[in-house]
Amino acid sequence: MNFARPDALFLFLPLAAVIIALYLLRMKRREMQVPATFLWPTHTEEVRANALFQKLKPSWLLFLQLLALAVTVGCIARPQLVQRGLTGEITVLVLDSSASMGATDVSPSRFEEAKRLAKAAIESARPGDRIAMVEAGPVPRVVFSLSSDPVRQLAELQPLTVSDAETDAGEAMRLASAIVAGTEGARIVLLSDGVFERIDDFSQGNASVVFQSVGKSGENLAIEAFGSSESQKGRLLFASVRNFGDKVATTNLTILADGKVVDSSQLQIPSQQSQSRTIAVPAGATLFETRIDAKDALAADNYSALSADPAASLQVLKIGGEDPFLDRALALDPRVTLDRADRLPLDGGSSYDIVVFDGVASEPTTSRGVLILGKAGTGSPVRITGTAARPKFNGASSSEILKGVDLDGVYFEEIEVAQPIGSAEVLARSAAGPLIIADTKPNQRVVYTAFSPLESDFPLQIGFPIFVSNLLDFLGGEAGEGPLVVPVGRAFSLPANAPSASLKVPTGGEVQLKPNGGAVTIREAKRVGTYEFRSGNAVRKVIAVLQSPRESALAPEREIALARKPVKSTDAPLRFADFWQPLILLGLLILGAEWWLYARRS
Amino acid sequence: MDLLLPPRTFRMLEGLRISPRKSQPGRVRGERLTRRAGLSIEFADYRDYAEGDDLRHLDWNVLARLDSPVMRTYRDEEDLAVHLLLDDSPSMAFGEPTKLLIARHLAAALGYIALSNGDALYPVRLGRREPPLSALRGRSSFGRFASWLGRDVADDAPTSLSSSLRAFANSRARAGVAIVLSDGLDPDAAASIRALVGRGHEVWLVQILSDLDLEPDIEGDLRLTDGEGGAPTDITANSIALRKYRDNLHEHNEGLADSAKRGGGRYAIFETSRPLDRFIQDTLKREGWLS
């Protein structure tokens, strides 16, 4: 037994003193003459008092009134019983649906076990307890908001499925914290295996955090890398398999080119080690796949794929400041794998297809594409003569880069006044000078914008992501119509010129998509496998793969860190359940007894 | 005070007489047969002739047949002393109509019966200090009796019922039927009745009680003051107190009845709401108080 407001118990003494004082008051009786008094009982019960003092006599009424007062004060002090259970009065369940939760080391899977725990928590919640749920998937979302409707909550919980993607657990926890922000005594319950990136940016506010770890074993084999490179001998494929378990594991690694097996080898991999295989692959193949036949806990990371089209996969390095609009537009392109850095690597960015200088002076690079945003440096195709403030768009030439993009009316705070040099070509200009300049060299393509996107309202225009997509096509080389390989769970966009589009998912269903502005954003590729995208007559194969060492390292965590504070896994945390309802009933019974006694004696 | 009984009641009283359970020694010749030999026409027994006997009572038939003188004896006739003890203590002033008024009506009826049958009627007022009245005899004395009955006696220091009864018991009143008309609401009333019985009186106790005595309609927290001048009592008039009161009253009445009947007396409760005619017919006549 515990009291949420123990200070309220001190109310008992003054209130009891008032009641006792009323009993100390002497009763002023109505006088009445009768023939004889000797027949009347001499023992009297004083039930009221309205005059000054008398000696306190033992009284059942006084006892019952003090008892009722004690119960009432007890209710005000909010007595609580200590119970074990996941839920409290206000609870946000955070359900991890990332790839690692699909592990089958607990039957049927970690995710189903977490769902079972969530279901048990909802069913065991006391009437009036409010519960919300957040799904910690690739894009965290609120499954149901705070409510005390277990039927609806269970109905919302039932259709949830695990994804094969990484999770943004930090965002999910921040979302949960926001749901109960400012609420006293709330509880955030994380049902997860703890296999996610460390969460540093998190404030739990007044809420308590309970972490219940799901999972038993970390035994897992995964394809940790699958790539290709051009050599003098032709195209080489590189596949690496890692054993994340504690025992030596043996598996067969199979590599396929356009669906035909081109290599198969048995690998014996020590614990926590990797083994790789490099083979030369035949020319002309468009799709390479690899798989291992390990009967491990997680199947999603036993397969990977690679498109032979060099433009089908773009390694982009962004150097410079934080531009969320540009980051989002880049991330929407399924070909892009984005890295960020403060400065150019020593190899000059040769391992990247495209280098983006965002607000920092450009430097010479060896990548095949360079994007310079707002600040020309060495290696840029322009010469800077000054700056101009708030120039107006003055016209654009017809080019693939500006296809579907309208700069008319875009506000530019400040631009560099640049002169193209060499073979550079002005694509768009303002009254003060060129706005966009492109240069095509034999081994490199460069695009320069005289403005920084963040110093304009261009990122707010509908044409901005189209502009970025066109830039990627220009700088990386336009991708063919071959299979597209995307990281599982990541949203991406594809051109869609028809009014409708659809996506056939690996499980057999079909999702209808609505194109917007000649493109459609796809968020449904949450499971590893081959998808078929249709828009009009165009059909394109999309393969979602999981290559995430973080998700493949299945060993469940028994302790996680939230904002650098350790949170240990608890199987059945303690909760304080309010106990005032039975006390109210008891108080009413006491008052009823007191009334009955008073009526009987009055 | 209107003490005249209605003519219908007087007609009903005609022919009735006080019917004591035992005979009492008379003081003057009257209309009550005694166990003593006397001069009435009621034959009692035979006895041998003794010198000096009145020859008028010699049974000549027996003398002629047996040649032996035998005297016929007869029962004597004397008057009956009827002490009518009227409780005029303050507690009799309660009720609507008051218990005292009912007691006076009943006293008038019983006094009329006694006077009509030649009994010696001794009216005594209890609870008041009043000089005793000499015996009343004959129907012609009813007016005097009624006058005594209707008189209100002012007394600054009324005595209690038990004190008055004890004073009467200790007086030289001749033994007879002592008819006590009282509410009996005195804690020592039963003992006083027993003292009365001990003096040879045949006690007839008519306990006159009003609704206020039998079913008091009171509630709440009260300070009860005693009509007899006793100490006030604080009570909470709830169902428990009322039940306890009724139990106490029943027990008290049982004690009174037991005391009255101990010496061959009689006991009855007369509720003030009950008509006098019904009480005389259904209780006094039916139970043999009056014959």
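Give me the percent relative contact order of chain A, please, defined on Cα pairs under 8 angstrom at least 6 residues apart. Intermediate values should be presented prior to the final figure.
Details: 1427 pairs, mean separation 92.8, N = 602.
Relative contact order comes out at 15 percent.
The tail of the calculated P(r) for segment A:423-516 beyond 17 Å holds 67 percent of all Cα-Cα pairs.
As a calculated quantity, the FRET efficiency between A:D342 and A:R198 at R0 = 22 Å, using C-beta atoms, amounts to about 0.55. A helix-only calculation puts chain A at -6000 deg cm²/dmol for mean residue ellipticity at 222 nm, using -39500 (n - 2.57) for each DSSP H run of at least four residues, averaged over all residues.
Cα gyration tensor of segment A:133-205, axes a ≥ b ≥ c as square roots of the eigenvalues: rounded (a/c below 1.5), prolate (a/b > b/c) or oblate? Taking the square roots of the gyration eigenvalues as a ≥ b ≥ c, segment A:133-205 is oblate.
Loop only per DSSP, at most 15 neighbouring Cβ atoms within 10 Å: give me the trypsin sites (Lys or Arg not before Pro) in segment A:123-210, ordered by residue number.
Working: sites: A:R130, A:R141, A:R152, A:R174, A:R187, A:R198; in loops: A:R198.
Of the trypsin sites (Lys or Arg not before Pro), the ones in loops of segment A:123-210 whose Cβ has at most 15 other Cβ atoms within 10 Å are A:R198.
For segment A:485-545, give me the percentage of DSSP beta bridges that are antiparallel, rounded to the nearest 5 percent. Please list the in-between numbers first.
On the way: 20 of 23 bridges.
Beta bridges within segment A:485-545, antiparallel portion: roughly 85 percent.
Once the C-beta distance of B:H57 and B:R139 is scaled by a Förster radius of 41 Å, the resulting FRET efficiency is 0.80 to the nearest 0.05.
Rounded to the nearest 5, what is the percent of antiparallel bridges among the DSSP beta bridges in chain B? Can you show the working numbers first?
Numbers: 18 of 42 bridges.
Approximately 45 percent, going by the DSSP bridge assignments.
Packing, taken as the mean count of other beta carbons within 10 Å per residue, orders the peptides A:374-387, A:255-268 from highest to lowest as A:374-387, A:255-268.
Going from the alpha-carbon gyration tensor of segment B:69-177, what semi-axes, largest first and in whole Å, does one get by taking the root of 5 times each eigenvalue? Can you show the working numbers first?
Values: eigenvalues 197, 54, 26 Å².
Ellipsoid semi-axes (Å, largest first): 31, 16, 11.
Legend: mean number of C-beta atoms from other chains within 10 angstrom of residue C-beta atoms, peptide B:203-213, equals 1. Bridgeable aspartates and glutamates around A:K504 (alpha carbons under 13 Å apart, same-chain partners fewer than 8 residues away excluded): A:E524, A:E532. The packing ranking of peptides A:341-349, A:207-215, highest mean first, is A:207-215, A:341-349, where packing means the average number of other beta carbon atoms within 10 angstrom of each residue.
Adding -39500 (n - 2.57) for every DSSP H run of four residues or longer, then dividing by how many residues chain B holds, sets the calculated 222 nm ellipticity at -9500 deg cm²/dmol.
Our compactness index for segment A:360-459, the C-alpha radius of gyration over the empirical 2.2 N^0.38 Å, is 0.99. Note on A:K441: lysines with a C-alpha under 29 Å away, same-chain residues under 8 apart excluded, are A:K233, A:K318, A:K375, A:K403.
With the simple model of a label 7 Å out from the Cα in the direction of the Cβ, A:T286 to A:S231 spans 2.7 nm. Extension gain for A:R116 to A:R558 (0.36 nm times residue separation, less C-alpha to C-alpha distance): 157.2 nm. Packing here is the average count of other Cβ atoms within 10 Å per residue, and on that basis the peptides A:482-490, A:16-24, highest first, run A:482-490, A:16-24. Looking at chain A, the DSSP beta bridges with both ends there are about 65 percent antiparallel. Peptide B:240-249 is shielded by partner chain Cβ atoms: per residue, an average of 3 of them sit within 10 Å of its Cβ.
For segment A:224-309, would you read off the P(r) tail past 21 Å as a percentage of all alpha carbon pairs? Working shown, then result.
Working: 993 of 3655 pairs.
Here the tail beyond 21 Å accounts for 27 percent of pairs.
Take the Cβ atoms of A:L81 and A:L25, set R0 to 30 Å, and the FRET efficiency comes out at 0.15.
Where in chain B are the DSSP H helices whose C-alpha atoms run 15 Å or more along the long axis and whose mean Kyte hydropathy is at least -0.5?
Numbers: long enough: B:99-116 (25 Å, 1.27); B:239-262 (34 Å, -1.28).
Helices meeting the span and hydropathy rule in chain B are B:99-116.
From least to most packed, judged by other beta carbons within 10 angstrom and beginning with the fewest, A:D473, B:D119, B:D53, A:D408 follow the order A:D408, B:D53, A:D473, B:D119. With no solvent and one equal point scatterer placed on each C-alpha of the protein assembly as shown, evaluate the Debye formula and give log10 I(q)/I(0) for q = 0.08 Å⁻¹, two decimals. Debye intensities relative to I(0), on a log10 scale: -0.90. Once you order the gyration tensor axes a ≥ b ≥ c over the Cα atoms, which shape class does segment A:485-545 get: rounded for a/c under 1.5, otherwise prolate or oblate by comparing a/b with b/c? Prolate, since a/c reaches 1.5 and a/b exceeds b/c.
You can think of it this way: the chain between A:T521 and A:A389 has 44.0 nm of extra reach, that is 0.36 nm per residue less the Cα-Cα gap. The lysines whose alpha-carbon is closer than 21 Å to the alpha-carbon of B:K261, local same-chain residues fewer than 8 away aside, are B:K22, B:K285.
With a length cut of 27 Å (Cα positions projected on each helix's long axis) and a Kyte-Doolittle mean of at least 0.5, go through chain A and give me the DSSP H helices that pass. Before the final figure, lay out the partial values.
Details: long enough: A:580-601 (31 Å, 0.76).
Taking the DSSP H segments of chain A (at least 27 Å long, mean hydropathy at least 0.5), we get A:580-601.
Per residue of B:85-91, other chain Cβ atoms within 10 Å of the residue Cβ number 1 on average.
Where the centroid of each part is defined by its Cα atoms, how far is segment A:550-569 from segment B:212-258 in Å? Cα centroid to Cα centroid, the span is 84 Å. Spin-label model, A:A4 to A:S208: label points 7 Å out along the Cα-to-beta-carbon direction sit 1.3 nm apart.
Only the coordinates and a few stated rules stand behind these numbers; no lab work does. If you're wondering where the values come from, they're calculated on a predicted model, not measured in any experiment. Positions of Cβ are backbone-derived with ideal geometry, glycine not excepted, and every protein chain shown enters the neighbour counts.
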